[in-house]
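The values are calculated or read from the model by the stated rules, or taken from the named source; none is laboratory data. Computed from a predicted structure; not experimentally measured. Here the Cβ positions follow ideal geometry from the backbone for every residue, glycine too, while neighbour counts run over all protein chains shown. Just the protein is used for accessible areas: all its heavy atoms, side chains included, with ligands, DNA and RNA removed. Shrake-Rupley method; radii C 1.70, N 1.55, O 1.52, S 1.80 Å.
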Amino acid sequence: MIIIGFESSCDETGVALVDTQRGLLAHALHSQIAMHREYGGVVPELASRDHIRRVLPLTREVLQSAGVAMDDIGAVAYTAGPGLAGALLVGASVAQSFAWARGLPAIPIHHLEGHLLSPLLAEPRPDFPFIALLVSGGHTQLMRVDGVGAYALLGETLDDAAGEAFDKSAKLMGLGYPGGPALSALARNGDPQRYALPRPMLHSRDLDFSFSGLKTAVLTRIKAAEKDGGLTEPDRTDLAAATEAAIVDVLAAKSIKAMKQTGLKRLVVAGGVGANRLLRERLVSTMEKLGGEVFFPPLEFCTDNGAMIAFAAACRVNAGLVDLSASGHAFTVKPRWDLHDVCRPAEKAVAQP
Ligand code: KG4
Ligand code: ZN
């Protein structure tokens, strides 16, 4: 069965076609980064309007590039949450209207499930079970993934997400939006040891994270530099390197701890921060030493995209978790949505905190 999937939870409009047997057929993406840049962050109302402008041209694009006709499509998937309410409503209403007009089932998908399963879009595919490090602008979580719909939360951030720590520190340093890639590019030439920044909760026994203290530490360094005429270019480069190193140290250490605690040997990294070069290098070299394996989605599937949504729907269909005979098209979006709500009933019982 061919599934068309729509992603519009934040600042990327994504549309994709996935065949439940053959995998990804085509995907198209429009990033709003350039539009939001001048405001220094995502403006929800502008995001919603832009999703409206982009979604149908992108839909035509994927149908054409895959050579798929409307009649070939068997189900329609969309991100139902979590995310920005207005932005989610665009993808959800387009998907539900599409499904209603063609008499097809509509499949609401949890955005984080899309990220969690996205490494399975690449070869080699990790086998279940694995540990997933989910690191995006809104989330930092370590999950145990035993199969489709079988997710258990092992630890999460108590305050800022890792992506937020990148973005907020970058903003303090006067770097553009989104801060993560900009900070990381600058850090390449810096000395990570010149500024000593904290590694919050690095040695705590649990698998939780805390990143809000890091931006305060960065701010303190900037304020100190201002007394001496402000950050010079080399200062900024070294501070970027120190910030990136602090975030990566904590993410890598907690991921390894999760693997040791569960005895699992496979780690999957998903979400926008998974594009970070230092994090990738660190995890690859650590796994070589530990005899474990680390998997990353292809870079284009690390940040938000439609492929992961259509693919998550295909995984749920193949796992028998979707009632394809359901007909109603009344719908709601869930700006806040617990991932445990999409777990299989048996998993829900054990996974509930
Ligand atoms: O998964 P994503 O595209 O959107 C959310 O669902 O949040 O993640 C976006 C986050 C942003 O905070 C961005 O700064 C961060 O991922 N990011 C990076 C890199 N590329 C994206 N952070 C560090 N290094 C990168 N190369
Ligand atoms: Zn995301």
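Beta bridges per DSSP, both residues in the range 127-296: antiparallel share near 60 percent.
For the residues 71, 19, 50, a GNM of the chain with alpha-carbon springs under 10 Å puts the largest fluctuation on 71. Karplus-derived 3J(HN,Hα) values for the range 34-48, using 6.51 cos²θ - 1.76 cosθ + 1.60 with θ = phi - 60°, are 4, 5, 7, 4, 5, 9, x, x, 6, 9, x, 5, 5, 4, 4 Hz; glycine and proline are entered as x.
What is the mean projected area of the alpha carbon convex hull for the range 1-97, to one decimal in square nanometres? If I average the Cα hull's projected area over directions, I get 6.0 nm².
Charging the Cβ of each Asp and Glu at -1 and of each Lys and Arg at +1, and nothing else, the dipole of the range 127-296 about its Cα centre rounds to 240 debye. Summing Lys, Arg as +1 and Asp, Glu as -1, what charge do residues with Cβ under 15 Å from the Cβ of residue 11 carry, residue 11 excluded? Net charge in that neighbourhood comes out at -4.
Spin-label model, residue 225/residue 318: points 7 Å from Cα along the beta carbon direction are separated by 4.8 nm.
Stokes-Einstein D for the chain at 20 °C, 1.002 mPa s, Kirkwood Rh over Cα pairs, in µm²/s? It diffuses with D of about 103 µm²/s by this estimate.
Find the all-direction average of the projected area of the Cα convex hull for the range 127-296, expressing the result in square nanometres with one decimal place. Walk me through the intermediate numbers first.
Values: hull surface 37.5 nm².
About 9.4 nm², averaged over all directions.
Here's how it looks for residue 160: its modeled amide H is under 5 Å from those of 211, 212, which are all 5 or more places away or on a different chain.
So how much slack lies between residue 127 and residue 327, counting 0.36 nm per residue of separation and subtracting their Cα-Cα distance, in nm?
68.6 nm
Amide H contacts under 5 Å for residue 24: 19, restricted to partners 5 or more places along the chain or on a different chain, H placed in the peptide plane at 1.01 Å from N. When the accessible area of the range 127-296 is computed with all protein chains present and a 1.4 Å probe, what percentage of it is carbon and sulfur? That share works out to 52 percent.
Taking the 0 to 90 degree range and rounding to the nearest ten, how far is the long axis of helix 212-226 tilted relative to the main principal axis of the chain, both from C-alpha atoms? Tilt relative to the chain: about 40 degrees.
Based on DSSP, what percent of beta bridges with both residues in the chain are antiparallel, to the nearest 5?
Numbers: 26 of 44 bridges.
Antiparallel: roughly 60 percent of the beta bridges in the chain.
Leaving ligands and nucleic acids out of the surface, order 98, 331 by accessible area at 1.4 Å, largest first. If you can, show how the numbers build up before the last one.
Numbers: 98 25, 331 75 Å².
Result, largest first: 331, 98.
Quickly estimate the mean residue ellipticity at 222 nm for the chain, helices only: each DSSP H run with n ≥ 4 gives -39500 (n - 2.57), and the total goes over all residues, rounded to 500. Write down the numbers at each step before the final one.
Details: 12 runs with 155 residues, N = 353.
Using -39500 (n - 2.57) per qualifying helix, the result is -14000 deg cm²/dmol.
Listed values for the range 166-175 are Karplus-derived 3J(HN,Hα) couplings in whole Hz (6.51 cos²θ - 1.76 cosθ + 1.60, θ = phi - 60°), namely 4, 5, 5, 5, 4, 4, 4, 7, x, 8, and x replaces Gly and Pro. Dipole of the range 127-296 computed with +1 at Lys/Arg Cβ and -1 at Asp/Glu Cβ about the Cα centre; of 212, 179, 193, farthest Cα towards the positive end is 193.
Please work out the FRET efficiency for the pair residue 52 and residue 193, using the Cβ-Cβ distance as r and a Förster radius of 35 Å; give the result to the nearest 0.05. About 0.15, to the nearest 0.05. Can you give the angle from 0 to 90° between the axis of helix 277-290 and the longest principal axis of the chain, with both taken from C-alpha atoms, to the nearest 10? So the inclination is approximately 90 degrees.
Per residue, how much accessible area does the range 53-114 show when a 1.4 Å probe rolls over the protein heavy atoms, in square angstrom? Numbers along the way, then the final one.
Details: 2470 Å² over 62 residues.
Solvent-accessible surface per residue comes out at 40 Å².
Think of a 1.4 Å ball rolled over the protein heavy atoms: the range 127-296 then has 41 Å² of accessible area per residue.
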